[in-house]
Structures are given as structure tokens and as C-alpha cells.
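What follows is a single structure, written as C-alpha cells, with notes after it.
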Amino acid sequence: MTHAPPPIACDLSRLSADERATLMTCARALLGEVEALHETESGYRLRLREGPQTIARATSFIALDRRCCPFLRHALVSEPAGRERAGLWLELAGPEGVKSMLHGELAALLPAGLAPPVPAP
């Protein structure tokens, strides 16, 4: 038996008012730590500045965001030093149409100069 994929629409009603506030606080703080952004085939990969709270903030964000946005794939990746893409990365991706949705969200929340490129149709 196959399951239909969830629609590409965030449902903030899945979170309490306190959880929504925490999600937005985490998202703003976490996206304020983005040092680089790379477009992937199905989303974006964001390199995070590593600080004492970065991993905790990222996991809190993922735990809440995956509840209201079940169509998104979230990954937190630590690449070893000495590699071209060394560092801590937050990957956000999903089915067709997700990149356009992510573009709007990231463009509104990322620091100046890191706006993602407009995805191809």
C-alpha cells in the first residue's frame, strides 16, 4: 500500500502558539548564522557558523518544522575539516515545487547578500 505524499503547504495549526513562537525564534536565529547557501536539485544546503548553540538550535528547529511541514526533508550534516564543503550544513529539500516555496522563505529570512537564486520553473 502506498501513501499519498503530503501537500506542499505548511500547517502551523499542528503547533501550539508557544511552539510557533519558538519555531520562528529558532528559524530567525539559525538563518542568521548562515555563512553560505548552495542550491541542490531539490532544495538548498546552508552552511552554518559553528557556535556553542548552533547544533541545539538546529535540532530544535528541525523537531518543530517537520511537524508543520511534513513534506520537507531536513538534514543536519557535519562534514569533516579539510574537505571542500567542511562545516555544519542544514539541508532543506523535498518533492517538486518545494524549492520555489523555500526560495520565498529563505529570501525573507536570510542575511543580506545570501538570498537564494530564483529557481528554474
Revision key, fill the gap. Of (1) closer than 18 Å to residue 43 by Cβ; (2) in contact (Cβ under 8 Å) with a residue 12 or more places away in the chain; (3) charged (D, E, K, R); (4) not in a loop (DSSP other than H, G, I, E, B), residue 105 satisfies every one except (2)
Study note, to complete from the structure: Filtering region 31-74 for residues that are farther than 22 Å from residue 86 by Cβ and part of a loop (DSSP other than H, G, I, E, B) leaves a count of 5
Exercise for review: Inspect region 73-84 for any residue being surrounded by 15 or more Cβ atoms within 10 Å (Cβ to Cβ), polar (S, T, N, Q) and either out of contact with any strand residue (DSSP E or B) (no Cβ under 7 Å at 6 or more places or on another chain) or at negative phi (or both) and give the result as yes or no.
Suggested key: no
Review point. Which ones in region 11-30 are touching a residue at least 40 places away in the same chain (Cβ under 8 Å) and part of a loop (DSSP other than H, G, I, E, B)?
Key: 11, 15
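All of the numbers you see were taken from the coordinates with simple rules; none came from a lab. Just so it is clear, the structure is predicted and the values come from calculations on it, not from any experiment. Cβ coordinates were reconstructed from backbone atoms using ideal geometry, including for glycine residues, and neighbour counts include every protein chain displayed.
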